[in-house]
Amino acid sequence: MKKYDIVIVGAGIAGMTAAIYAVRAGKKVLVLEERVQGGQIINTINIENWPGDLGVSGADLSQKIYAQMVELGAEVEFDKVIKISVDDEGFVVDGEDDSYKASAVIIASGTEPRKLSDEMMKDVGKRPVSYCATCDGALYKGKKVVVVGHGNSAEHEIKYLKGICSEVYNIHHDDPIPADAEAIFVAIGRLPLTDYLKGFVELDEKGYVISDEDCKTSVPGVFVAGDVRTKNLRQLVTAASDGSIAATNAIEYLG
Amino acid sequence: MELLDFYADWCGPCQMLKPTLEEFEKAHPELKITRVNIDEEEELAEKYGVSGIPCLVFLKDGEEVARKVGVMPLKKLEKVYEKI
């Protein structure tokens with residue numbers, strides 16, 4: 001089993017920033033990512049609140065930060081983490097493909113869109129369901145679609161789709177789906193990706209990892225950064241901020 | 001064997017998949033990869049019933065044998081290909 005000073009779960013902005021700080025402090029760092037570096041931000045075309053790079057796309061920003069992290073010496077494996085446990089020397093992080101030893105762990109696994117209920121999926125039938133209007137909206141040019149949800153992100157999706165589709169219905173998450181809607185866009189909030197942490201660190205009732213600005217969890221040596229942490233403002237800059245704090249405290253923990 | 005890669009210029013996940021596909025292409029010269037811009041080739045996207053991108057459609061003798069929607073690491077892509 002390969003051994004690292006710090007294993008970081010998730011290569012979003014929080015995880016990658018943590019990696020940059022940790023490798024610059026001379027630590028041996030592994031970043032584990034299930035899908036692709038960048039996390040949620042890769043769906044955003046035009047970012048206007050990341051200082052110093054007005055209008056950068058999420059994909060470009062992610063590639064830049066990824067290149068920086070790798071250049072500085074962080075290792076990356078594409079593996080889905082399924083369990084973390086404690087052993088005599090520190091922690092064992094089990095992925096689907098391999099296991100990794102770590103003296104400290106930083107959790108930065110982020111969130112995923114909340115899915116439609118099984119009941120609603122019956123109503124959907126064979127129609128396509130999308131959780132990203134900016135990704136898939138253009139496939140429904142001039143067609144009728146429905147947006148499920150009423151929050152800020154739903155409003156954003158509706159505005160975007162109105163520029164493309166002939167009709168954009170809007171319903172609550174428990175309303176019937178209009179029969180003539182050809183695609184269903186879902187924006188009913190997000191959920192933390194923390195199933196693999198149940199019984200290991202303390203989670204709140206929604207599943208977020210409980211911590212405050214120091215990014216420490218209920219387990220010494222385990223830190224948390226980014227959207228997966230209990231916090232009020234989930235933004236790129238607060239993800240990066242968490243990453244630096246989690247890494248700095250992990251470095252201090254390692255001594 | 002052929003691989004259709006449905007993408008769009010404005011699609012972030014498609015951009016993230018691009019370098020992965022380029023590596024995949026190098027490793028598999030036997031595979032013909034065709035990039036399909038869904039804004040320019042709407043009919044083709046409709047013919048294959050593409051409902052989300054990036055969308056990879058594997059064809060064997062012109063028949064669809066596998067389909068994957070969404071971005072994925074090279075390792076996963078190799079696994080999909082092995083199974084065919």
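Here are a few things to note about the model shown:
- In this entry, B:Leu21 passes the filter for residues that are touching an Asp or Glu at 6+ places or on another chain (Cβ under 7 Å) and within 14 Å of chain A (Cβ to nearest Cβ).
- Checked against the criteria, B:Glu2 does not count as modelled with pLDDT of 95 or more, more than 9 Å from every other protein chain (Cβ to nearest Cβ) and loosely packed, with under 13 Cβ neighbours inside 10 Å.
- Verdict on A:Asn152 being under 19 Å from the mean Cα position of the chain (by Cα) and more than 22 Å from B:Gly70 (Cα to Cα): yes
- Filtered residue count, region A:162-182, keeping only those that are touching a Phe, Trp or Tyr at 6+ places or on another chain (Cβ under 8 Å) and assigned to a strand (DSSP E or B): 0
Residues are listed down the side, and each one gets a yes or a no for (1) within 22 Å of A:Ala59 (Cα to Cα); (2) among the hydrophobic types (A, V, I, L, M, F, W, C); (3) crowded, with 20+ Cβ neighbours inside 10 Å; (4) within 12 Å of the chain's Cα centre (by Cα):
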residue	(1), (2), (3), (4)
B:Trp10	yes, yes, no, no
B:Phe58	no, yes, no, yes
B:Asp61	no, no, no, no
B:Ala66	no, yes, no, yes
B:Glu82	no, no, no, no
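- Scanning region A:55-73 for residues that are in a loop (DSSP other than H, G, I, E, B) and within 21 Å of A:Cys135 (Cα to Cα) returns A:Gly55, A:Ser57.
- Lone unmet requirement of (1) within 13 Å of chain A (Cβ to nearest Cβ); (2) under 13 Å from the mean Cα position of the chain (by Cα); (3) open to solvent by 80 Å² or more (accessible area, probe 1.4 Å) for B:Met16: (3)
- Filter pass, B:Glu30 being farther than 25 Å from A:Thr134 by Cα, without any contact (Cβ under 8 Å) to a residue 60 or more places away in the chain, open to solvent by 10 Å² or more (accessible area, probe 1.4 Å) and more than 12 Å from chain A (Cβ to nearest Cβ): yes
- Members of region A:55-75 found to be within 22 Å of the chain's Cα centre (by Cα) and either more than 14 Å from chain B (Cβ to nearest Cβ) or more than 29 Å from A:Asp136 (Cα to Cα) (or both), listed by number: A:Gln68, A:Met69, A:Val70, A:Ala74, A:Glu75
- Residues of region A:103-139 classified as crowded, with 19+ Cβ neighbours inside 10 Å, part of a strand (DSSP E or B) and facing another protein chain (nearest Cβ under 9 Å), total: 1
- Selection of region A:232-244 for residues being crowded, with 18+ Cβ neighbours inside 10 Å and closer than 17 Å to A:Ser109 by Cβ yields A:Leu236, A:Thr238, A:Ala239, A:Ala240, A:Asp242, A:Gly243.
- Strands (runs of 3 or more DSSP E) fully within region A:183-248 that include at least 1 residues being more than 14 Å from chain B (Cβ to nearest Cβ) and closer than 30 Å to A:Tyr140 by Cβ: A:190-192.
- Cross-chain or 6+ apart pairs with Cβ under 6 Å, region B:36-63 first and facing chain A (nearest Cβ under 8 Å), then outside any helix (DSSP H, G or I) and open to solvent by 50 Å² or more (accessible area, probe 1.4 Å): B:Gly52/B:Val69
- Filtering region B:34-56 to residues that are surrounded by 15 or more Cβ atoms within 10 Å (Cβ to Cβ) and either within 10 Å of the chain's Cα centre (by Cα) or closer than 28 Å to A:Lys80 by Cα (or both) leaves B:Val36, B:Val50, B:Ser51, B:Gly52, B:Ile53, B:Pro54, B:Cys55, B:Leu56.
- Candidate set: region A:14-54, residues that are within 12 Å of chain B (Cβ to nearest Cβ) and of a type in the set (Asp, Glu); chosen: the one most open to solvent (accessible area, probe 1.4 Å): A:Glu34
The values are calculated or read from the model by the stated rules, or taken from the named source; none is laboratory data. Computed from a prediction, not measured in an experiment: that's the story for all the values here. Don't worry about glycine lacking a Cβ; one is built from the backbone with ideal geometry, like all the others, and counts go over all protein chains shown. Surface accessibility is based on the protein's heavy atoms, side chains included, excluding ligands, DNA and RNA. Shrake-Rupley method; radii C 1.70, N 1.55, O 1.52, S 1.80 Å.
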